[in-house]
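Everything below concerns the one structure shown next.
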Amino acid sequence: MGHAMSLFWLDVRLKLKRALAFRVNFALNVLGSLFFSFVLAAFQFFVYAGVEGYPGWSAPQLLLFQAVLVLWTGLCDFLFGGIRQLIDLEVTRGSFDRFFLWPPHPLVSLLTRGSNVYALASVLAGLAGVTVMWRRLGLTPTPLMLLLGAFCFLCGLLLYVALLIVYCACTLFWVKMERLREVLDRVVFFGSFPADVYLGPGRTGLLVCFPIALWVHLPVQALLGRAPLSALGAALCSGLVFMLSLGFWRRQQRLYTSAGG
């Protein structure tokens with residue numbers, strides 16, 4: 001784990017140095033990301049300001065949900081935003097073989113080389129939004145609330161990494177991944193709403209069976225001090241999905257045929 005973190009921060013430092021070689025371009029990209037994040041937040045504020053919100057959610061709570069969503073998407077983009085493009089290019093060009101020759105495990109090499117330093121702006125915007133809405137709601141943070149929120153957030157990241165591993169494993173033999181990329185994006189889209197808007201089996205599936213509610217819904221519930229017991233089942237399912245994704249990767253790795261010369 002320590003070696004993987006070292007590789008990740010090395011990748012971040014190299015990309016940051018490369019971006020800062022063109023400081024004006026980097027600054028404009030960061031400012032642009034911040035601007036669009038705050039425009040989205042302002043738009044959501046005006047939308048929810050005149051409505052009562054979803055059942056069980058007030059307008060300020062929905063704005064907190066949207067702030068956590070911005071933080072979540074920004075963090076995922078910062079940590080793993082370039083992985084799909086990386087493996088697509090490596091497999092298409094026939095140069096993926098070198099991942100099997102490097103000392104780290106191929107998955108470690110993939111998952112630690114997909115950072116996107118420009119997404120830090122979205123992370124900062126999300127953190128600012130969460131702080132503002134938390135104060136607006138008059139919530140008093142407790143160690144238990146913060147611990148539960150962080151736990152759900154980390155389990156959500158584990159589930160997202162599992163989906164990325166499945167994507168990378170499929171890329172080893174499908175090569176052209178446009179449709180699967182769309183499917184993955186749609187899955188992420190369904191996680192961008194409170195689970196309460198879904199009914200019956202759909203809600204159960206989002207909360208436990210395939211717990212994408214771990215991405216935003218359950219962390220927000222934890223921050224509001226009303227985390228359900230289903231969060232534990234969701235965490236266990238995320239670990240199970242992660243283990244299954246590793247097994248799928250090992251299977252596809254054995255079947256991999258080099259396209260390089």
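If Arg250 satisfies all but one of (1) closer than 22 Å to Leu111 by Cβ; (2) in contact (Cβ under 8 Å) with a residue 12 or more places away in the chain; (3) exposed (fewer than 15 other Cβ atoms within 10 Å of the Cβ), what's the number of the condition it fails?
(2)
Taking Ala234 as the residue in question, decide whether it is under 17 Å from the mean Cα position of the chain (by Cα), closer than 25 Å to Val132 by Cβ, surrounded by 21 or more Cβ atoms within 10 Å (Cβ to Cβ) and among the small types (Gly, Ala, Ser).
No; evaluated as a whole, the condition is false for this residue.
Identify, please: which residue in segment 65-109 is under 30 Å from Ala195 (Cβ atoms) and among the small types (Gly, Ala, Ser) and is, among those, farthest from the chain's Cα centre (by Cα)?
Of everything passing the filter in segment 65-109, Ala67 is farthest from the chain's Cα centre (by Cα).
What are the pairs, 6+ residues apart or on separate chains, where a residue within segment 16-33 that is touching a residue at least 12 places away in the same chain (Cβ under 8 Å) has its Cβ under 6 Å from a residue that is polar (S, T, N, Q)?
Matching pairs, first to second residue: Ser33/Ser122.
Within segment 238-257, is even one residue within 18 Å of the chain's Cα centre (by Cα) and closer than 21 Å to Leu69 by Cα?
The answer is yes, given that some residue of segment 238-257 is within 18 Å of the chain's Cα centre (by Cα) and closer than 21 Å to Leu69 by Cα.
Report yes if some residue within segment 88-99 is modelled with pLDDT under 85 and on the phi > 0 side of the Ramachandran plot; otherwise report no.
Yes, segment 88-99 contains a residue that is modelled with pLDDT under 85 and on the phi > 0 side of the Ramachandran plot.
Counting only residues that are of a type in the set (Asp, Glu) and either free of Cβ contacts under 8 Å to residues at least 12 places away in the same chain or surrounded by 14 or more Cβ atoms within 10 Å (Cβ to Cβ) (or both), give me the helices (runs of 4 or more DSSP H) lying completely in segment 150-226 with at least 1 of them.
Result: 178-190.
The values are calculated or read from the model by the stated rules, or taken from the named source; none is laboratory data. Bear in mind the structure is a predicted one, so any value in this text is a computation, not a measurement. Note: ideal-geometry Cβ built from the backbone for every residue, glycine included; neighbour counts use all protein chains shown.
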